[in-house]
1. Quick check, is Thr186 hydroxyl-bearing (Ser, Thr, Tyr), over 24 Å from Ala54 (Cα atoms), surrounded by fewer than 20 Cβ atoms within 10 Å (Cβ to Cβ) and assigned by TED's automatic domain parsing to the domain that holds Leu55?
2. For Leu155, are the conditions met, namely being within 23 Å of Val251 (Cβ to Cβ) and within 15 Å of the chain's Cα centre (by Cα)?
3. Spot the failing condition for Lys216; the list is (1) at pLDDT 95 or above; (2) surrounded by 16 or more Cβ atoms within 10 Å (Cβ to Cβ), and only one is missed.
4. Quick one: count up the residues across segment 231-249 that are surrounded by fewer than 18 Cβ atoms within 10 Å (Cβ to Cβ) and part of a helix (DSSP H, G or I).
5. Only one of these is of a type outside the set (Asp, Glu) and under 15 Å from the mean Cα position of the chain (by Cα): Gln127, Gln66, Gln99. Name it.
6. Does any residue in segment 291-310 that is closer than 17 Å to Asn260 by Cα come within less than 9 Å, Cβ to Cβ, of a residue that is among the acidic types (Asp, Glu) and part of a helix (DSSP H, G or I) six or more places away or on a different chain, and which pairs are these?
7. Inside segment 155-210, can you point out the residues that are in a loop (DSSP other than H, G, I, E, B) and among the hydroxyl-bearing types (Ser, Thr, Tyr)?
8. Any residue at all in segment 207-221 that is under 30 Å from Asp136 (Cβ atoms) and touching a residue at least 60 places away in the same chain (Cβ under 8 Å)?
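The values are calculated or read from the model by the stated rules, or taken from the named source; none is laboratory data. Here the structure is a predicted model, which means the values were calculated and not measured. Note that we place each Cβ from the backbone using ideal geometry, even for glycine, and neighbour counts take in every protein chain shown.
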Amino acid sequence: MMVDMRQRFILTFCLLALGFSSMLAQGELNATVKINTPQLQRNDRRVFDQLEVALRDFLNTTKWTQDIYEPDERINCNFILTVSEELSSTSFKGELAVQSTRKIYGSGYDSPLLSHLDKDVVFTYEQNQPIEFLPDATDNQNLSAMVAFYAYIILAMDYDSFSLFGGDQYLATAQQIVTNIQNSSTNNAGGWRPSGSDKNRSRYWISENLTNPRVKPMRAAMYNYYRKGLDMFSINMEQAKNSIFSALEEVEKVNASYFNSMIVQMFANAKRDELVEMWKLGTKAQKDRVIQIMSKIDPANGGRYREIGG
């Protein structure tokens, strides 16, 4: 009997320890990672399969904040890396699509928060190499720095949606990553500087826009859009839509004061479909105004917004 009780105690302790270690290994992100190689001639995909696993583990097990996240609070996000060119056996070029969503209170709906395509991606990776990121190091870690940068941008935008300017510290960290690489004498990778093959859409400009005082009203608007808007839909739909309407007018003002800013276009890319479906049920005055605002912000998709009017 004593042996049996001891065995049960050991088993219970092991299960608790396993659960605790699993919680420690769980970060804030619930990231899926996919690597596509449609244009490469190589038949052996093992290096990319390993990279896919390494990136997913890096994103999901890193503790990016000091906060404790429950499993259902983790931020759903996608990283889709399309490798278009093999510069050497360990060096590659391609594009990175980054998307994240935000859970809406009182519903099963995940609202798109970020949708961005980074077209200036160059990285090195050797088979069996783990993904590590040292904030103050800049050499030979362009891939991990880039992924960490987007992790902090995702966190910043998510925290902004829950509290007014709640993402400040994560924006500061993302900006520091950009600054460190800019100051490096050996890391000349693209995407970190104001000019380049994808200028005005680079990581530099994401960081610049989100920390620019002219964009601060838009960050405040995102709090109203989510916390006072979408989160309140199940409680008071009209009040919620009024908050979202006010948020859109703030975005319009930012677009006017900082014309052609990257962050406003990123907002349109993420929210286009959501806004069209949401405002199909608005009043005619609301519909007309939303069409006017979004067609000005996102003129290339004016036809899509006109669907709001029926």
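1. Numbers: hydroxyl-bearing (Ser, Thr, Tyr): yes; over 24 Å from Ala54 (Cα atoms): yes; surrounded by fewer than 20 Cβ atoms within 10 Å (Cβ to Cβ): yes; assigned by TED's automatic domain parsing to the domain that holds Leu55: yes.
Yes; evaluated as a whole, the condition is true for this residue.
2. On the way: within 23 Å of Val251 (Cβ to Cβ): yes; within 15 Å of the chain's Cα centre (by Cα): yes.
Taking the combined requirement at face value, the residue satisfies it.
3. (2)
4. 6
5. On the way: Gln127 fails: under 15 Å from the mean Cα position of the chain (by Cα); Gln66 fails: under 15 Å from the mean Cα position of the chain (by Cα).
Answer to the check: Gln99.
6. Gln292/Glu252; Ile293/Glu249; Ile293/Glu252; Met294/Glu252; Lys296/Glu252; Ile297/Glu252
7. In the first step, residues of segment 155-210 are kept if they are in a loop (DSSP other than H, G, I, E, B); the result is 163-167, 183-202.
If the condition is that a residue be in a loop (DSSP other than H, G, I, E, B) and among the hydroxyl-bearing types (Ser, Thr, Tyr), then Ser163, Ser184, Ser185, Thr186, Ser195, Ser197, Ser202 are the ones that fit.
8. No, because not a single residue in segment 207-221 is under 30 Å from Asp136 (Cβ atoms) and touching a residue at least 60 places away in the same chain (Cβ under 8 Å).
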